[in-house]
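A.B. asks: Starting off with a structure, shown below.
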Amino acid sequence: MPNITLIEAVNLAMASEMRRDPSVVVLGEDIGRNGGVFRATLGLLDEFGPDRVIDTPLAETLVAAMAIGLSTQGIRAVAEIQFSGFMYPCVDQVVNHATRYRNRTRGRLTCPMVIRAPNGGGIHAPEHHSESLETTFAHMPGLRVVAPSSPARAYGLLLAAIRDPDPVIFLEPTRLYRLFKQPVEDNGEALPLDTCFIDRSGSDITLVSWGAMMHDTRVAADQLAAEGISAEIIDVATIKPLDLDTILESVAKTGRCVIISESARAGGWASEIAAGLAEHGLLTLFAPVMRVAGYDTPMPLAKQERVYIPDVSRILHEVRKVFDLAPK
């Protein structure tokens, strides 16, 4: 079982599913000969040929439209958008067509397509390359939105996304692409969608996160453990539909919750989770639910990203605030 990075796990999942299912094709800008801007599709053209690994023009609207057209005709399309900030031209096609086929045709047509894209900052890129768009797409009925947090979860969740009969937005945490390695077995086994993962058990506080922020959350939990605070970590993984039950069960046990997200604070998915806890778990809480999030500004350029993206110190600050607000 090799130790691989998250980007290698994405490549492994696509290759595995293309071998298993001849209806799977991948498409996008520079994904063939160049292997994609982050090299997620490296080697696929050599193995599967240009009929199944399709280089497209530099037109994101076209990429999304091609994926939709293919996916309604028996092809499972996996489209790559080079950077999250380039996802906006896809919205027209995704919202007005991909998300509506099942209802529009009363179930006669579905749209089994995946749109993959890097998500979030941390690599000192220009300003259009580093947004966190999970909430944008989670607000669109008819879409699944998935955000893996490790190589093993990227592999299993991408397999599940490709096999899903409906459209999936698969947001890969750019900062984690090559940050660490993990053993991943190429066994073709998908992980379940629509469920949170209990990443670490604990008894004193629940930390809820997803994508790249899971790394910082784990580091923060290690520091809290050294202080005698036992943190349970929930990896949301499937942003939409949200598995609120797992979060509620954890908070019922710990009585405290901090939600960690990289995206802008106002109207973010952390707010949606907090609202769910207020509606269904208020009486189990010892203190208010706290959010750690990005700021309500555009993602800044290059090295200024580090000011915007929440870090371990901000997570620890909110955790300690929760304990200060709790009954003594």
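Throughout, read-outs are computed from the coordinates displayed, never taken from laboratory work. Because the structure is a prediction, the values reported are computed rather than measured. A quick note on method: Cβ atoms are made from the backbone with ideal geometry, for glycine too, and the neighbour counts reach across all protein chains shown.
A.B. asks: Using only alpha carbon pairs under 8 Å that are at least six residues apart, calculate the relative contact order of the stretch 4-116 and give it in whole percent.
C.D. replies: 25
A.B. asks: May I ask you to list the trypsin sites (Lys or Arg not before Pro) in the stretch 57-132 that are in a DSSP loop and have at most 16 other Cβ atoms within 10 Å of their Cβ?
C.D. replies: Answer by residue number: R106, R108.
A.B. asks: Neighbour counts of other C-beta atoms within 10 Å: give me T105, T136, T41, T297 arranged from fewest to most.
C.D. replies: Ranking T105, T136, T41, T297 by Cβ neighbours within 10 Å, fewest first, gives T297, T105, T136, T41.
A.B. asks: Which of rounded, prolate or oblate describes the stretch 183-328 when judged by the alpha-carbon gyration tensor and an a/c cut-off of 1.5?
C.D. replies: Taking the square roots of the gyration eigenvalues as a ≥ b ≥ c, the stretch 183-328 is rounded.
A.B. asks: Pairs of Cα atoms under 8 Å, at least six residues apart: use those to get the relative contact order of the stretch 169-328, whole percent.
C.D. replies: 23
A.B. asks: Further, regarding this structure: Rounded, prolate or oblate: which fits the stretch 11-165, taking a ≥ b ≥ c as square roots of the Cα gyration tensor eigenvalues, rounded meaning a/c under 1.5, else prolate when a/b beats b/c?
C.D. replies: Rounded is the answer for the stretch 11-165, as its axis ratio a/c remains below 1.5.
A.B. asks: If Lys and Arg each add +1 and Asp and Glu each add -1, what is the summed charge of the other residues whose beta carbon sits under 15 Å from the beta carbon of T284?
C.D. replies: Cβ neighbours under 15 Å give a net charge of -3.
A.B. asks: Angle between the Cα long axis of helix 213-226 and the longest principal axis of the chain, 0 to 90 degrees, nearest 10?
C.D. replies: Roughly 30 degrees, rounded to the nearest 10.
A.B. asks: Further, regarding this structure: Restricting to bridges with both residues inside the stretch 142-243, how much of the DSSP beta-bridge set is antiparallel, in percent to the nearest 5?
C.D. replies: Antiparallel: roughly 40 percent of the beta bridges in the stretch 142-243.
A.B. asks: Can you give the longest run of the chain that contains no GluC sites (Glu not before Pro) sitting in a DSSP loop with at most 13 other Cβ atoms inside 10 Å?
C.D. replies: 1-184
A.B. asks: What does DSSP give for the stretch 197-325 in terms of the percent of beta bridges that are antiparallel, rounded to the nearest 5?
C.D. replies: 20
A.B. asks: Within the set of other residues whose C-beta is less than 13 Å from the C-beta of C111, count the net charge using Lys and Arg as +1 and Asp and Glu as -1.
C.D. replies: +4
A.B. asks: Using the alpha-carbon atoms, what tilt in degrees (0 to 90, nearest 10) does helix 60-71 show relative to the longest principal axis of the chain?
C.D. replies: So the inclination is approximately 70 degrees.
A.B. asks: Roughly speaking, what is the centre-to-centre gap between the stretch 120-192 and the stretch 231-304 when only Cα atoms are used, to the nearest Å?
C.D. replies: 18
A.B. asks: I've got another one for you. Net charge within 13 Å of T135 by Cβ-Cβ distance, Lys/Arg positive one each and Asp/Glu negative one each, not counting T135 itself?
C.D. replies: It works out to a net charge of -2.
A.B. asks: Can you tell me, using C-alpha contacts under 8 Å and at least 6 residues apart, the relative contact order of the chain as a whole percent?
C.D. replies: So the answer I get is 16 percent.
A.B. asks: For S313 and R104, what is the calculated FRET efficiency with R₀ set at 45 Å and r taken between the beta-carbons, to the nearest 0.05?
C.D. replies: The formula returns an efficiency of 0.40 here.
A.B. asks: Which angle from 0 to 90°, rounded to the nearest 10, does the C-alpha axis of helix 244-254 make with the longest principal axis of the chain?
C.D. replies: Tilt relative to the chain: about 20 degrees.
A.B. asks: If the cut-off is 20 Å between C-alpha atoms, which aspartates and glutamates fall inside it for K321, apart from same-chain ones fewer than 8 positions away?
C.D. replies: D204, D216, D222, E227, E232, E262, D311
A.B. asks: Would you mind checking which residues have amide H under 5 Å from D199's amide H? H placed 1.01 Å from N; only 5 or more apart, or other chain.
C.D. replies: Close amide H contacts, sequence-distant or interchain: I233, I234, D235.
A.B. asks: Amide H neighbours of I54 under 5 Å, counting only residues 5+ apart in sequence or on other chains, H built in-plane at 1.01 Å?
C.D. replies: Residues meeting the criterion, in which the H sits 1.01 Å from N, are V26, L27, G28.
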